[in-house]
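J.: Take a look at the following structure, please.
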Amino acid sequence: MVLPMIGFCASFAFVSASLVNPLAGAEAATTTAGAASALTAPGQTLTVAAAAVTVADRDAYGVTEYVPPPPPPPVVVAETTEPDEATASGSTAKKSSTAPVAGTPDPGSAKAIAAELVAARGWGSDQYDCLVSLWQKESSWNVYAANRSSGAYGIPQALPGSKMASVGADWQTNPATQITWGLNYIGGRYSTPCGAWAHSVANNWY
């Protein structure tokens, strides 16, 4: 009687053990691990530092991905105004004493005579440019130009005009005589036509 009871108990115990779910403990552990454990595999950790740097560690090895900061805003350089340009208020800044290029004069004209006499003195084309601007301002290169208020006369506006008689008696009508006297005057007082032109720009006379 004892042996049959022992066999029955052993059989019941074996059957009861086989009815227990061997994965029950693992399921409970998975339920309590939370959303974060579902996103990582064994042996892995994921760490996010700020918004610029992401660090991922796997099996004691680290990989760092650096996100550079945004570039700085562009530097705006303020525009500058050249001294000879008009200001924003409409007024004009300091005038330039640089004469414009005169170009090639008409053959036989007073300017053509002046170009030859300037070159004969060893002055360059820049000096001729200054001379053309200077006497254009004074007399418009008119041999008979006369200033009624001052008495200045001729292309160089000699004051008085009779001073030009030192070069020739035809000082009233001959452009070569007037130009020769004018260049003598400029060379003695201002050294060069550009020196005379700069003085005229600054003072409105020479």
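The values are calculated or read from the model by the stated rules, or taken from the named source; none is laboratory data. Keep in mind the model is a prediction, meaning the values are calculated, not measured. Neighbour counts run over all protein chains shown; Cβ positions are idealised from the backbone, glycine included.
J.: Are there any helices (runs of 4 or more DSSP H) wholly within region 99-191 with 1 or more residues that are touching an Asp or Glu at 6+ places or on another chain (Cβ under 7 Å), and if so which?
T.: Details: elements: 110-120, 125-139, 175-190.
So the answer is 110-120, 175-190.
J.: Okay, next question. Test each condition in (1) hydroxyl-bearing (Ser, Thr, Tyr); (2) touching an Asp or Glu at 6+ places or on another chain (Cβ under 6 Å); (3) at pLDDT below 60 for Tyr61 and report the one that comes out false.
T.: (2)
Yes or no, residue by residue, for (1) at pLDDT 95 or above; (2) among the charged types (D, E, K, R); (3) closer than 12 Å to Trp135 by Cα; (4) crowded, with 19+ Cβ neighbours inside 10 Å:
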| residue | (1), (2), (3), (4) |
| --- | --- |
| Ala158 | yes, no, yes, yes |
| Gly161 | yes, no, no, yes |
| Thr177 | yes, no, no, yes |
| Thr180 | yes, no, no, yes |
| Asn184 | yes, no, no, no |
| Cys194 | yes, no, yes, yes |
| Ala202 | yes, no, no, no |
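J.: What number of residues in region 108-159 are more than 43 Å from the chain's Cα centre (by Cα) and either over 15 Å from Gly182 (Cα atoms) or not aromatic (Phe, Trp, Tyr) (or both)?
T.: Qualifying residue count, region 108-159: 22.
J.: How many residues does region 139-152 hold that are touching a Phe, Trp or Tyr at 6+ places or on another chain (Cβ under 8 Å), over 17 Å from Ser109 (Cα atoms) and of a type outside the set (Gly, Ala, Ser)?
T.: The qualifying residues number 1.
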